[in-house]
Amino acid sequence: MLNPHQEKAVRTVNGRLLVLAGAGSGKTRVIAHRIAHLVLDLGVSPSSILGLTFTNKAAAEMRHRVEGLIGTERARSVTLSTFHSFCMQVLRKEIDKLGYTRDFSLYDERDLQRIITQIAREILGHDGELPSLAPTIAALADASNHGMSVEEAKGGTWHDQFTKDLYVRLHSTLRAYNAVSFDSLITLTIRLFEGHPDLLDKYQDRFRYLMIDEYQDTNPAQFRLAELLAAKYQNLCVVGDDDQSIYGWRGAEVKHILHFKADQIVKLEQNYRSAPGILEAANAVIRHNQNRHNKVLWTADEAREPIEVFNAQTEAEEAQAVIDRLIRNRQEKKMKWKEMAILYRSNALSRHFELALMQAPWQKDGKWIRGIPFEVFGGLEFTERSEIKDLLAYLRLIANVQDQEAILRVINLPRRGISDSCLDELTQENRSVGVPLWDLLLEIAEGRKLLPKHPKAANGIRSFVDIVHTAQRRFEQRPLADTLIWLLEKIDYKKAIQDDVKSDKMREFKWENVQECVNALAQYEEEMEKAGTPEEITLQHFIANTTLARQTMQHKSKKNDEDKVQLMTLHSAKGLEFPAVFIVGLEDHILPHEKSAAQTGIEEERRLFYVGITRARKYLTLSMSRSRMRMGQAHPTNPSRFLFEIPKELLKATSAKVLY
C-alpha cells in the first residue's frame, strides 16, 4: 500500500524526522500508517502517541484513518487533536498551578473585545467614544502567536506604552474572571511547562512519540510548545511542505520547516492526484522560489490534458467565459457541478461569478434551467457579507424611508452618538403610538421633538436625516455609481471599517468588497443602457434586481444540496482537490497581490499560486481580465508575472468565447 519513500517515513520512528510531503503525495496515509506501525509492529502503547494538527477536520480525518488500521478501541487511546484542543486538555487538569481554577471560562473574540474596550476606557479615563483599538487588538494577537508572557511585555520596549499596559491589565482581568482567551491557550500551556519542570517531565514521559501535521503552518508559540514536549526523547516527526506555506499573514513562519534540525529527511514526491502536465507547471512555477527544500513532484499517470489559458476583455466577460466552460464540461465530459471549482486570490472577485452562475441557462433532461447551483466555500455569498448588507441597507433606506430594518442597521453606522438606549426608547414609542420610526426621526431633526436624556443623539439624528435627504436628491441623477461613491465619502465608511475591524487584511478585504458594490452599480447601469432601457435605471430597480437574484439562487440551492460548483479563495482551497479547477483573476496586483507581496514576500504569493495549481486533478484553466473596475472606473491590467513562469508548451491559449 506504500511506495518506498512512504514506507521509509513510516518505519523511521526514532529521532527527529522531517517528512517533506509534496502536494497530493499521501501524507495523511503516512501519518496513519506510522501510528499503526508503532502500535501493531513495535508494541508502543497508543496512549504514548500525540498527533497535532491545525483543524478539527484534519484531526477527525487522521483519527478515521487510524481507526481503520488499529481498531476503534486502540485508536481512542491515541491523542489526535488540534494544538488548541490539546492545550485546553492540559489546562483543564493543570491550570490551578497558574492561579486559575479548573472550571475556567474560555472567552471568544467578542468577549475579549468587550473587556479590552472596558480596560482601555479605564486606562485613558475616557467615557466617550474611543479611538480605534484595532491596531492594539492586532498587537495582542501577535503577542499570543509569539508566545509572549506578561513578564516579557513588561520588560522590553514592546509596542507603545498603552498597548503594554493593556496587555498586562488584560492578563490580570482575565485571571480575576477565571477566564482565558482562545489565543492564550498555547501561551499559558508554554508558561505552565516552563514554570513547572516536573509537570513538563510528566507530559514528556507520557507522549514519547510526537507527530505534527502541516508543520509549515506553525507560528512561534506552536513551535516552542512542540520543542518543549519533544525535548526529552527527541522522537519528533514533522510532516509538511514548505512550498505550501501560505499563512505568513497570520503568524506562520516558514523558517520552522526550512531550518528544522532533522536526524533524517524523507521526501514524498510521487503525486497521486494530478495529471503530469499540471505537475510540470507547478514544478516550473515553484522552482523560482529561492528559500525552499528542493523537490520535484511526479506521477506514474501518463494521461495529460493541456492547461487552458485565456484572457477576456472585462471581468464580466471572464466570468461568463468560465461559466460557459463549466456548462461544456457538464455536457461533453458528463462532469458534476461539484467536481468543478473556481479559485480566486480575493473574495471580492467572486461577485461576477456568483451573478453569472445565478443567471446561466443550461439544459437538464432536455429542459432549460436558469441558474447553476453553487456554494461559496469558507465565506458568505457576496450579498450576505456584513459590509455589503450595510451599503444595501443605506440604499434601501434612501429608496424607501419606511424600511425600518434598514434604519436600525445604519442609523449609527458610522457611530453618531445614538446610543442603544436612545434607539430602544424610539422604537418603543414607534411601536406603542404607531408612528413610523422615520417620522419620529424627522420630528427630532426638525426640532419638533426633544430628547432631554440624549442630547448628543439629537445631533446625530439630524446629520443622519440630512444625509438621507441629500442622497435621495443626488440618486435622481446619473451616474448612480458616482452618488454611491459620494455617499461612501460622506459617511466616511472606510474609517468605519478601520475602527471596527482589527486586522489590516480583513480591512482590506472588506474595502475591496465595498469597491465591488460600486462596480456592481456601474455595471448595472451599463447593462441597462446596452439593453435599450435607460428609462428603467433607478436605485429601486437595482435593489429589486439584486434581492431577487439572491432569493432565486437560495431557492435553487436548497433543491441542489449536494451538486454545486465550488467558489473559494486560494487560501481556502488548501487541502482540497477537484477534477476541474479554474484559477481566475491572474493579474499583477491581484496575484501576486501588491500589499501581500510587500508584507509576506513574493515567494509566499508564488506558493499560493502553486497551491491553486495542485488542487486540479485533470483539467486546469487559467484566466484573466484585460481591464478591471475600480470604484466604478475601468482600469487596464497586466497578466500575472507567474503566468510567464509556466512553460509555453504546457499551455493551450483559447478564445474567451466558447461555442457549443
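Every read-out reported here was derived from the displayed coordinates using simple, explicitly stated rules and does not represent laboratory data. Source: prediction; values computed, not measured. Positions of Cβ are backbone-derived with ideal geometry, glycine not excepted, and every protein chain shown enters the neighbour counts.
Per-residue 3J(HN,Hα) values for the stretch 480-491, derived from phi via the Karplus relation 6.51 cos²θ - 1.76 cosθ + 1.60 with θ = phi - 60°, read 5, 4, 5, 5, 5, 4, 4, 4, 4, 6, 5, 8 Hz in sequence order (x marks Gly and Pro).
Summing charges over neighbours of Ala356, with a neighbour being any other residue whose Cβ is under 11 Å away from its Cβ, gives -4 when K and R count +1 and D and E count -1.
When the alpha-carbon atoms of the stretch 598-660 are used, the pair Rg, Dmax equals 14.6, 44 angstrom. Remark: the chain carries a charge dipole of roughly 1380 debye about the Cα centre, counting +1 on each Lys and Arg Cβ and -1 on each Asp and Glu Cβ. Only Lys, Arg, Asp and Glu carry charge here, each on its Cβ (+1 for the first two, -1 for the last two); on that basis the stretch 423-538 has a dipole of about 620 debye about its Cα centre.
Other residues lying with their Cβ under 12 Å from the Cβ of Val468 contribute a combined charge of +3, Lys and Arg counting +1, Asp and Glu -1.
One chain, two ends: Trp362 and Lys232. Fully extended at 0.36 nm per residue, the span grows by 40.5 nm beyond their Cα-Cα distance.
Phi angles of the stretch 587-596 translate, via the Karplus equation with coefficients 6.51, -1.76, 1.60 and θ = phi - 60°, into HN-Hα couplings of 10, 4, 5, 9, 9, x, 6, 4, 6, 5 Hz per residue; Gly and Pro are given as x. For the chain, dividing the convex hull volume of the Cα atoms by the residue count gives 192 Å³ per residue.
Within the chain, DSSP assigns beta bridges of which about 15% are antiparallel (rounded to the nearest 5). The protection proxy used here, the mean number of other Cβ atoms lying within 10 Å of each residue, ranks peptides 48-58, 406-416, 576-586 as follows, highest first: 576-586, 48-58, 406-416. Placing unit charges on each Cβ (+1 for Lys and Arg, -1 for Asp and Glu) gives the chain a dipole about its Cα centre, and among Leu140, Leu200, Leu357 the Cα reaching farthest toward its positive end belongs to Leu200.
Dipole of the stretch 440-507 (Lys/Arg Cβ +1, Asp/Glu Cβ -1, origin at the Cα centre): which of His469, Ile497, Leu480 lies farthest to the positive side? My answer, from the dipole projection, is Ile497. Think of it as helices only: each DSSP H run of n ≥ 4 in the chain is worth -39500 (n - 2.57), and spread over all residues that comes to -15500 deg cm²/dmol at 222 nm. Highest mean packing comes first when the peptides 635-646, 207-218 are listed by Cβ atoms within 10 Å, giving 207-218, 635-646. Just so you know, the Cα atoms of the stretch 332-412 work out to an Rg and Dmax of 17.2, 53 Å. Solvent-free Debye calculation, one equal scatterer per alpha-carbon of the stretch 276-426: log10 I(q)/I(0) at 0.09, 0.16, 0.18 Å⁻¹ equals -0.53, -1.06, -1.19.
Applying the Karplus relation 6.51 cos²θ - 1.76 cosθ + 1.60 with θ = phi - 60° to the stretch 205-216 yields 3J(HN,Hα) values of 5, 6, 9, 7, 10, 10, 10, 10, 8, 6, 4, 5 Hz, where x marks Gly and Pro.
The GluC sites (Glu not before Pro) of the stretch 398-478 that DSSP puts in a loop, and whose beta carbon has at most 16 other beta carbons within 10 Å, are Glu446, Glu476. Under a 5 Å amide H cut-off, with hydrogens placed 1.01 Å from N, Thr79 pairs with Ile49, Gly51 among residues at least 5 apart or on other chains. Calculated on the alpha-carbon coordinates, the convex hull of the stretch 324-376 measures out at 77 cubic angstrom per residue.
At what distance in angstrom do the alpha carbon centres of the stretch 400-448 and the stretch 61-89 lie from each other? About 54 Å separates the Cα centre of the stretch 400-448 from the one of the stretch 61-89.
Could you work out how far the C-alpha centroid of the stretch 288-349 sits from that of the stretch 572-646, in angstrom? Taking the Cα centre of the stretch 572-646 as reference, the centre of the stretch 288-349 is 11 Å away.
Can you pick out the pairs among Lys164/Lys505; Lys164/Lys494; Lys564/Lys657; Lys97/Lys202 whose Cα atoms lie more than 19 Å from each other? Those over the limit are Lys164/Lys505; Lys164/Lys494; Lys564/Lys657. As a rough guide to protection, the peptides 174-183, 251-260 ranked by mean Cβ packing within 10 Å, highest first, stand as 251-260, 174-183.
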